[in-house]
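One structure is given below, encoded as structure tokens.
Since every read-out is calculated from the coordinates, none of them should be taken as a lab result. None of these values were measured; they are calculated from a predicted model.
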Amino acid sequence: MTEPASSARPVAVAIRYLAIIAGGACLLLTAVCFAIACQIFIQTGVFAQSYAMVGSISGVLGILALKLASVWK
């Protein structure tokens, strides 16, 4: 018979790598959103609140995903 823990190992590794990819993508989206918000502010003088909010939420989700990847064994 096979152990249940031996079949869960590849799933845990897959979840960890997916969390790393998702965290990196979220942090990249954060950088893009803040760059667009800064560019809009520089060109027009108007604060782009929607881009800043999306960037902030994406940054928090990215940090949480990377934290999950580091804790997941």
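Compute the helix-to-body angle for 49-71: its Cα long axis versus the longest principal axis of the chain, expressed 0 to 90° and rounded to tens.
Taking the Cα atoms of the chain, the angle to 49-71 is about 20 degrees.
Just checking my list [x] 21, 14, 11; [y] 39, 8, 7; [z] 24, 20, 6 against semi-axes √(5λ) of the Cα gyration tensor in Å computed from this structure; which label fits?
It is the value labelled [y].
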